[in-house]
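The values are calculated or read from the model by the stated rules, or taken from the named source; none is laboratory data. All figures in this text were calculated on a predicted structure; none of them were measured in a lab. For neighbour counting, all protein chains shown are included, and Cβ atoms are generated from backbone atoms with ideal geometry for every residue, glycine included. For the accessible areas, the whole protein counts, side chains as well, though only heavy atoms, and no ligand, DNA or RNA atoms are used. Shrake-Rupley method; radii C 1.70, N 1.55, O 1.52, S 1.80 Å.
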There are 2 protein chains.
Amino acid sequence: MTIKALVFDAYGTLYDVQSVRTAADEAFPGYGEIIAEVWRQKQLEYTWLRTLMGRYRDFSVITRDALVFTLRCLALDYHAAVVQRIMDKYLHLDLFPDAKDALTALKDRKLAILSNGSSEMLNALIHNSGMESVLDATISIDPARAFKPSRAAYALIETRLGTAPADVLFVSSNPFDVCGAKSFGLQVAWIERVTPAAMASESVDHQRPAPSTLFKMLRMQMDELGFAPDYRVGALAELPRVVSRG
Amino acid sequence: MTIKALVFDAYGTLYDVQSVRTAADEAFPGYGEIIAEVWRQKQLEYTWLRTLMGRYRDFSVITRDALVFTLRCLALDYHAAVVQRIMDKYLHLDLFPDAKDALTALKDRKLAILSNGSSEMLNALIHNSGMESVLDATISIDPARAFKPSRAAYALIETRLGTAPADVLFVSSNPFDVCGAKSFGLQVAWIERVTPAAMASESVDHQRPAPSTLFKMLRMQMDELGFAPDYRVGALAELPRVVSRG
């Protein structure tokens, strides 16, 4: 199969969403990890639920709503300024350490992001991480008013890049996104950051796993949705090798 | 507002899905609780994801897929017969203790179920729990090929009962379902089985909550989706009072 373009998921794939943990922990000492995990889970759920309900709001609204839910459920008192400070972290997420080198090595193909993020959030994120020169396009799902894994979201790739789905390698660490992209007709590489073996070794108690282990189970193991990735790699750094063989 | 019909969610509202815990614990001693919680979470996620992907499969397929995911992630070896035995429990769920009396007291209105379950699953469940004589209709979302909270799912109520959305009181314990029904235009009563106060008192460690507490947080606290129920009640037994005032 030819690969004319590589299109990357942003949150969790190029950018480490767990880097909000530090900001959350500064605001609520000891709660950083549980806030980051519940927040991310609800953020994703709200993208799915609002799309199904036909009540689209952009990703910044959903991200804020999910954070408010999280703080309320953890019985944490907060001021609007604290929510804003944690939210701002979403515009300054850390790149995964191998992201920039991997994308630079792939620069002979078209490179783009397809993300749930609003254009405003994505532009700030890409500017703040110095990725503007590496990417040919940054595609927000916003014009489709439907979040991934809706078909309308993935259809924006061809609209924006002019590349047929079969010639695109879509790269994501999120299992639901891998299945959605594959179902749509893209080639797909799954960045499998937490292997089953690694998960088994980190948990001494599968019957009552720690929250962080539980969320790795819920969000980082391949789903049973009838689709499988074309490629499974452990890190972005392995992509240039995959593409040169492809 | 008039209430001409009451329409109930089935799983988690009239029927206790946690009653599969015993069956799971018999098959995998010590794992009953974690299996039941992860299974339920993934079952819901798969209804949302498959609807968004345009890859509808009926609820029995999704329920089985979610169970297989759960056992795989918990590194539990299983045979097909074990999966089947736990799955069968879904046709024999326990009614919540106050369900039958509450519905019987409401029998002067139309009474129905609207559920994600397939017709086959629902018919077996209702037969096995002796609820046939109490209900006027059992509506599966299956003909819509879209799970709740899709608008197409709630639209089946008017199609089947001939009652306008504004004259229906929809009853659910599931926050996403409450928001979906309200967004669609139904009157909605939320069965709030786990109050924030009850949750706060059961958890001594909010920073590292036990899995059961975590899932109560994720699934039983009202979501931030821009909608609120018309009525909040602690149990089905309170409904006759709500309706007589309504």
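Quick one: which of A:91, A:103 is farther than 24 Å from residue A:24 by Cβ and surrounded by 16 or more Cβ atoms within 10 Å (Cβ to Cβ)? Break it down into steps so the answer makes sense when it comes.
Details: A:91 fails: farther than 24 Å from residue A:24 by Cβ.
Among A:91, A:103, only A:103 is farther than 24 Å from residue A:24 by Cβ and surrounded by 16 or more Cβ atoms within 10 Å (Cβ to Cβ).
Conditions first: (1) farther than 18 Å from residue A:208 by Cα; (2) facing chain A (nearest Cβ under 9 Å); (3) surrounded by fewer than 24 Cβ atoms within 10 Å (Cβ to Cβ); (4) within 20 Å of the chain's Cα centre (by Cα). Residue B:41 passes all but one, so which condition is the exception?
In the conditions (1) farther than 18 Å from residue A:208 by Cα; (2) facing chain A (nearest Cβ under 9 Å); (3) surrounded by fewer than 24 Cβ atoms within 10 Å (Cβ to Cβ); (4) within 20 Å of the chain's Cα centre (by Cα), residue B:41 misses (1) alone.
Of the residues in segment B:215-227, how many are facing another protein chain (nearest Cβ under 7 Å) and without any contact (Cβ under 8 Å) to a residue 40 or more places away in the chain? If you could, list the steps in order and put the result at the bottom.
First, the residues of segment B:215-227 that are facing another protein chain (nearest Cβ under 7 Å): B:217-218, B:221, B:223-226.
From the residues that got through so far, the ones that are without any contact (Cβ under 8 Å) to a residue 40 or more places away in the chain too are B:217, B:224.
Residues flagged as facing another protein chain (nearest Cβ under 7 Å) and without any contact (Cβ under 8 Å) to a residue 40 or more places away in the chain within segment B:215-227 amount to 2.
Out of all the residues in segment B:164-212, which are of a type in the set (Asp, Glu) and under 19 Å from residue B:116 (Cα atoms)?
Scanning segment B:164-212 gives a single hit, B:177.
Just one of the numbered conditions (1) more than 30 Å from residue A:206 (Cα to Cα); (2) open to solvent by 10 Å² or more (accessible area, probe 1.4 Å); (3) away from chain A (no Cβ under 14 Å) is not true of residue B:139; which one?
Of the numbered conditions (1) more than 30 Å from residue A:206 (Cα to Cα); (2) open to solvent by 10 Å² or more (accessible area, probe 1.4 Å); (3) away from chain A (no Cβ under 14 Å), the odd one out for residue B:139 is (2).
From the set of residues in segment B:52-88 that are aromatic (Phe, Trp, Tyr) and closer than 20 Å to residue B:34 by Cβ, which is surrounded by the most Cβ atoms within 10 Å (Cβ to Cβ)? Can you show your working first?
Start the filter on segment B:52-88 by keeping residues that are aromatic (Phe, Trp, Tyr), which leaves B:56, B:59, B:69, B:78.
Add one more test, that the residue is closer than 20 Å to residue B:34 by Cβ, and what stays is B:69, B:78.
Numbers: B:69: 25, B:78: 15.
That would be B:69.
Across segment A:67-102, what is the number of residues that are over 18 Å from the mean Cα position of the chain (by Cα) and either without any contact (Cβ under 8 Å) to a residue 40 or more places away in the chain or farther than 22 Å from residue A:15 by Cα (or both)?
17
Report, by residue number, each residue of segment A:84-114 that is farther than 23 Å from residue A:186 by Cβ and part of a loop (DSSP other than H, G, I, E, B).
Those that are farther than 23 Å from residue A:186 by Cβ and part of a loop (DSSP other than H, G, I, E, B): A:92, A:93, A:97.
Is it the case that segment B:58-70 has a residue that's within 30 Å of residue A:145 (Cα to Cα) and in a loop (DSSP other than H, G, I, E, B)?
yes
If we keep just the residues of segment B:39-66 that are in contact (Cβ under 8 Å) with a residue 24 or more places away in the chain and of a type in the set (D, E, K, R), which is farthest from residue A:41 (Cα to Cα)?
This residue is B:58.
Given (1) modelled with pLDDT of 95 or more; (2) away from chain B (no Cβ under 12 Å); (3) open to solvent by less than 10 Å² (accessible area, probe 1.4 Å), where does residue A:49 come up short, assuming only one miss?
For residue A:49, the failing item is (2).
Tell me whether segment B:81-92 contains one or more residues that are more than 13 Å from chain A (Cβ to nearest Cβ) and within 30 Å of residue A:47 (Cβ to Cβ). Let's see the steps before the verdict.
Initially, segment B:81-92 is screened for residues more than 13 Å from chain A (Cβ to nearest Cβ), giving B:81-82, B:84-92.
If we keep only those that are within 30 Å of residue A:47 (Cβ to Cβ) as well, we get B:87, B:90.
The answer is yes, given that some residue of segment B:81-92 is more than 13 Å from chain A (Cβ to nearest Cβ) and within 30 Å of residue A:47 (Cβ to Cβ).
Among the listed residues A:153, A:166, which satisfies the condition of being in contact (Cβ under 8 Å) with a residue 24 or more places away in the chain, open to solvent by 40 Å² or more (accessible area, probe 1.4 Å) and among the aliphatic types (A, V, I, L, M)? Please lay out each step first, then the result.
On the way: A:153 fails: open to solvent by 40 Å² or more (accessible area, probe 1.4 Å).
Step by step, each of A:153, A:166 is checked, and only A:166 is in contact (Cβ under 8 Å) with a residue 24 or more places away in the chain, open to solvent by 40 Å² or more (accessible area, probe 1.4 Å) and among the aliphatic types (A, V, I, L, M).
Looking at residue A:98, is it more than 14 Å from chain B (Cβ to nearest Cβ) and either crowded, with 19+ Cβ neighbours inside 10 Å or out of contact with any Leu (no Cβ under 7 Å at 6 or more places or on another chain) (or both)?
Values: more than 14 Å from chain B (Cβ to nearest Cβ): yes; either crowded, with 19+ Cβ neighbours inside 10 Å or out of contact with any Leu (no Cβ under 7 Å at 6 or more places or on another chain) (or both): no.
No, not satisfied.
Restricting attention to segment A:119-133, does a residue exist that is of a type in the set (D, E, K, R), touching a Leu at 6+ places or on another chain (Cβ under 9 Å) and not in a helix (DSSP H, G or I)?
Looking through segment A:119-133, none of the residues is of a type in the set (D, E, K, R), touching a Leu at 6+ places or on another chain (Cβ under 9 Å) and not in a helix (DSSP H, G or I).
Given the conditions (1) farther than 30 Å from residue A:103 by Cβ; (2) open to solvent by 40 Å² or more (accessible area, probe 1.4 Å), report the number of the one that residue A:213 does not fulfil.
Result: residue A:213 passes all but (2).
Being under 22 Å from residue B:53 (Cα atoms), open to solvent by 30 Å² or more (accessible area, probe 1.4 Å) and in contact with a helix residue (DSSP H, G or I) (Cβ under 6 Å, 6 or more places away or on another chain) is the filter here, so list the residues in segment A:216-246 that pass it.
The answer is A:224, A:227, A:231.
Of the conditions (1) touching a residue at least 12 places away in the same chain (Cβ under 8 Å); (2) open to solvent by 10 Å² or more (accessible area, probe 1.4 Å), residue B:148 clears all except one; give me its number.
(2)
Condition test on residue A:35, is it open to solvent by less than 20 Å² (accessible area, probe 1.4 Å), outside any loop (DSSP other than H, G, I, E, B) and modelled with pLDDT of 95 or more?
On the way: open to solvent by less than 20 Å² (accessible area, probe 1.4 Å): yes; outside any loop (DSSP other than H, G, I, E, B): yes; modelled with pLDDT of 95 or more: yes.
Yes.
Do you know which of the residues in segment A:171-209 that are surrounded by fewer than 21 Cβ atoms within 10 Å (Cβ to Cβ) and at pLDDT 90 or above is farthest from the other protein chains (Cβ to nearest Cβ)?
A:193
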